[in-house]
Amino acid sequence: MERSLERLIFASRWLMAPFYLGLVLALAMLLVKFVQELLHYLPGVLVMKESDLVLAVLALVDLTLAGSLVLMVILSGYENFVSKIETGDHADRPDWMGTLDFSGLKLKLVASIVAISAIHLLKAFMNVSAVNKDDIFWLVVIHMAFVVSGVLLALMDWISEKAKDAHG
């Protein structure tokens with residue numbers, strides 16, 4: 001009875017696979033939005049002010065970071081919680097695949113969120129005359145909350161590692 005229950009519980013990890021497939025679709029949605037933004041900005045690039053061009057590029061970078069974040073969650077989440085991805089010795093296999101544990105993924109996610117938040121803040125600063133001052137204040141507060149959260153998560157992981165080292 002116990003063995004059957006354990007097999008069922010272990011097999012339940014496959015219930016996560018549809019989540020990762022959904023994230024693959026979300027990644028495709030980000031690609032569509034990226035191409036849409038790119039096609040929107042391209043025709044006016046020669047007459048665009050430099051600050052508008054920088055804002056356009058930041059929007060594309062923002063979408064790229066979001067896509068990288070989703071891909072990281074897909075690959076490492078699937079490998080950590082569902083099944084190993086067999087790529088053999090494929091030359092394009094990222095070095096971190098198979099080595100990024102939940103703690104490392106969590107820190108990479110927070111770092112990506114901080115970077116995305118910083119881009120939104122930079123976009124607001126570059127267009128400061130058109131942005132409500134209260135909005136800028138809240139963007140800074142939210143960004144700092146992400147930064148502090150990231151530092152605290154890194155600190156907790158560091159303390160956890162030191163505790164493991166101390167206990168053998």
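Is at least one residue of segment 103-112 more than 18 Å from Met72 (Cα to Cα) and either touching a Pro at 6+ places or on another chain (Cβ under 8 Å) or surrounded by 12 or more Cβ atoms within 10 Å (Cβ to Cβ) (or both)? No: zero hits. Please tell me if Leu38 is surrounded by fewer than 12 Cβ atoms within 10 Å (Cβ to Cβ) and of a type in the set (A, V, I, L, M, F, W, C). Criteria not met by Leu38.
When you go through Leu75, Leu30, Leu60 one by one, which is the residue that is open to solvent by less than 50 Å² (accessible area, probe 1.4 Å) and touching a Pro at 6+ places or on another chain (Cβ under 9 Å)? Spell out the reasoning first.
Numbers: Leu30 fails: touching a Pro at 6+ places or on another chain (Cβ under 9 Å); Leu60 fails: touching a Pro at 6+ places or on another chain (Cβ under 9 Å).
None of the others qualify; the one that does is Leu75.
Within segment 115-144, residues that are surrounded by 13 or more Cβ atoms within 10 Å (Cβ to Cβ) reach partners that are aromatic (Phe, Trp, Tyr) with beta carbons closer than 6 Å, at six or more positions or on different chains, in the pairs Ser117/Phe146.
The values are calculated or read from the model by the stated rules, or taken from the named source; none is laboratory data. Quick caveat: nothing in here was measured; it's all calculated off a predicted structure. Note: ideal-geometry Cβ built from the backbone for every residue, glycine included; neighbour counts use all protein chains shown. Remember, those area values only see protein heavy atoms, side chains included, never the ligands or the DNA or RNA. Shrake-Rupley method; radii C 1.70, N 1.55, O 1.52, S 1.80 Å.
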